Amino acid sequence: MDVRTGLFYLFSVVLLFAAFRVITARNPVYAALFLVLTFFQAAGVWMLLKAEFLAISLVLVYVGAVMVLFLFVVMMLDIDVAKLRAGFWKHFPLAATIGALIALEMAAVLMGGFRPAEEPRALPGVAAAAQAGIQYSNTRELGKLLYTEYLFPLEIAAVLLLVAIVAAIALTLRARKDSKAIDPSLAVRVKARDRLQVVKVPPAVRPAPQVEAAPEGKA
């Protein structure tokens with residue numbers, strides 16, 4: 001067994017263990033952390049399959065953005081796990097049936113990939129790169145494909161994402177009565193004499209203490 005096969009089995013075992021702990025961990029924060037570990041192991045398997053773009057996308061998008069947001073929401077909401085597990089056995093038969101159905105569908109799809117088939121033909125770019133002795137890069141070829149044949153759909157997706165970002169920012173900046181936000185332009189143009197006024201106050205003189213006169217007939 002070579003190093004590549006050993007790494008594949010190592011990543012696979014850790015991935016299966018982490019995926020099992022995602023559904024068995026009682027603490028939702030621990031379950032989310034095990035899901036992060038699952039994503040990292042899947043990215044390692046994809047790197048072994050020379051799909052480096054998918055591996056980096058999985059780490060950047062899911063681990064770096066989605067799971068961080070999920071952890072933030074879970075820790076901020078302080079979910080009551082006992083209340084969520086109250087109706088577990090009530091819905092267990094339906095959940096088990098759906099889980100078994102999904103497992104059978106995945107088995108039917110995956111078993112077709114283990115059948116012996118004809119050796120796949122190499123792509124023209126891969127064959128040419130192999131003949132020329134040039135190292136082939138999936139990311140480079142994907143970039144060329146995106147910015148040539150799929151440039152127009154890529155620009156449409158970019159515009160839609162930009163509109164979504166602008167709309168989200170506009171929703172957060174809507175005027176509210178209880179908002180304490182100030183206009184930055186007014187804060188920049190403000191002058192010291194408009195905000196501070198020096199008033200000359202005369203010094204206060206403390207009056208001299210008065211001594212009461214002694215009554216007559218007393219020394």
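Each reported figure results from applying straightforward, stated rules to the coordinates on display, with no laboratory input. Note that this is a predicted model, so its numbers are computed, not measured. Virtual Cβ from ideal backbone geometry, glycine too; neighbours counted across all protein chains shown.
The table below lists the values:
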| item | result |
| --- | --- |
| FRET E, pair I169, F88, Förster distance 25 Å, beta-carbon r, rounded to 0.05 | 0.05 |
| Geometric extent, Cα atoms of the range 1-79 - Rg, Dmax (angstrom) | 13.9, 48 |
| For peptides 102-110, 32-40, 63-71, 191-199, sequence by mean Cβ density within 10 Å, most packed first | 32-40, 63-71, 102-110, 191-199 |
| Packing rank of 89-96, 53-60, 6-13, where each peptide gets the mean count of other beta carbons within 10 Å, highest leading | 53-60, 6-13, 89-96 |
| Rounded FRET efficiency, nearest 0.05, which uses the C-beta distance separating T24 from V66 and R0 of 25 Å | 0.70 |
